[in-house]
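The values are calculated or read from the model by the stated rules, or taken from the named source; none is laboratory data. Bear in mind that the values here come from a model prediction, so they are computed numbers and not experimental data. Because the Cβ atoms are built from the backbone with ideal geometry, glycine has one as well, and the counts that use them run over all protein chains shown. When the accessible area is computed, the model is the full protein with side chains, heavy atoms only, and any ligands, DNA or RNA have been set aside. Shrake-Rupley method; radii C 1.70, N 1.55, O 1.52, S 1.80 Å.
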Amino acid sequence: MDAVKECLRNFPKEARELYLNDAVPYLDGPLSPLQFYRDWIGPNKPCIIRNAFSDWPALSKWNPTYLREKVGSKVISVAVTPNGYADAVNGNRFVMPEERQMTFSSLLDITEGKVKSSGVFYVQKQCSNLTEELPELTGDVQTHIPWMSEALGKQPDAVNFWLGEESAVTSMHKDHYENLYCVISGQKEFILIPPTDRPFIPYELYQPATYRQKKDGEFEIVDEEDSTKVPWIPLDPLNPDYEQYPSYRLAKPVHCTVKAGEMLYLPSLWFHHVRQSHGCIAVNFWYDMEYDIKYNYFQLVESLTNAVG
């Protein structure tokens, strides 16, 4: 078992020596599909691409006045939490947000400070909410990224719209998607950790629950009945508890800021934590990853990490 632990400690170090970057590199524009696959998707490395969607009308149009006119009366799904942490650990629970249906204008009233409301509001529904809930806005963007679709030989599984308050935080997690994250206005702060650092990332099992706002404005946590426990990362990378999770000292997080007009390529299985400026608007494209030998190897590392505890 000690030999396995030693291998798991050396595995991430070797990855950094062989191919990983100390910072997220910038590209001045999109590459050809083949070049992008060779340089970034194949090696599973993130990058920030400038001038990748400079022709989108959304960059100049998507302000509160335009959005009120275009989709103000549309009813959308909004995640509401007491503290800005949706889908995150709270004590011994994995707590999901209250999903509230409200008009787009009502949301803008809150983000612009015209209406006071307890709770933190975030449009973050990740089931292609741009095309499903706000199709009126799709003419201002693209519904796929042509060079990425060609590189991967598929269309995106989902195109998501994001808008929220500064207090809204996405807790550390990973996705099984090749993710192109496009910031339209404001900026996003990402903390990224490569999948090779999995041996240093703590996971625990939690009872799933949901926030529910009561009539007095306070929030309660309601357990999901008859549900299996959810594996999630309890650690906050902004304030890591090294005493409880000493192995995390060996992880090498990379910090990057994605500004308006920039696109982050976030490779599949990379751990990420996200913050944003107030009222930041973004659109992202989720392309399903290939479940090939890289995924197979990741599952092996995960199994060994769990086995050695």
Subject >> In Hz, Karplus ³J(HN,Hα) per residue of segment 30-40 (6.51, -1.76, 1.60; θ = phi - 60°; x = Gly, Pro) >> reply: x, 8, 5, x, 5, 5, 5, 5, 5, 7, 10
Subject >> Residues with amide H under 5 Å from that of Glu166, placed H, sequence gap 5 or more >> reply: His278, Gly279
**OP:** Starting at the first residue of segment 183-193, write each ³J(HN,Hα) from the Karplus equation 6.51 cos²θ - 1.76 cosθ + 1.60 with θ = phi - 60°, in whole Hz, x for Gly and Pro.
**Re:** 8, 8, 8, x, 8, 10, 10, 10, 10, 10, 10
Original post:
Once the mean 1/r over all distinct Cα pairs of segment 1-123 is inverted, what Kirkwood radius in angstroms do you read off?
Top reply: 19.3
**OP:** Set the Förster radius R0 to 45 Å, insert the Cβ-Cβ distance between Tyr203 and Gln35 as r into 1/(1 + (r/R0)^6), and round the FRET efficiency to 0.05.
**Re:** 0.80
Subject >> Solvent-accessible area per residue for the chain (1.4 angstrom probe, square angstrom) >> reply: 47
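Mind checking the dipole of segment 194-309: about its Cα centre, +1 per Lys or Arg Cβ, -1 per Asp or Glu Cβ, Debye to the nearest 20?
Dipole about the Cα centre, nearest 20: 480 debye.
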**OP:** Add +1 for every Lys or Arg and -1 for every Asp or Glu among the other residues with Cβ under 15 Å from the Cβ of Gly261, and state the total.
**Re:** 0
Original post:
Highest GNM mean-square fluctuation, the chain, Cα pairs closer than 10 Å: which of Glu69, Glu136, Glu165?
Top reply: Glu69
Subject >> Per residue, the convex hull volume that the Cα atoms of segment 236-284 enclose (Å³) >> reply: 104
**OP:** Please give, to one decimal in nm, the separation of the simple spin-label points placed at Tyr297 and Asn51, each 7 Å out from Cα toward the Cβ.
**Re:** 3.4
Original post:
Which semi-axis lengths, in whole Å and largest first, follow from the square roots of five times the eigenvalues of the Cα gyration tensor of the chain?
Top reply: 32, 27, 16
Subject >> Nitroxide proxy distance, nm - points 7 Å out along Cα→Cβ at Asp175 and Asp157 >> reply: 0.9
**OP:** Would you compute, from DSSP H runs of 4+ residues alone, the mean residue ellipticity of the chain at 222 nm, taking -39500 (n - 2.57) per run and dividing by the full residue count, rounded to the nearest 500?
**Re:** -6000 deg cm²/dmol
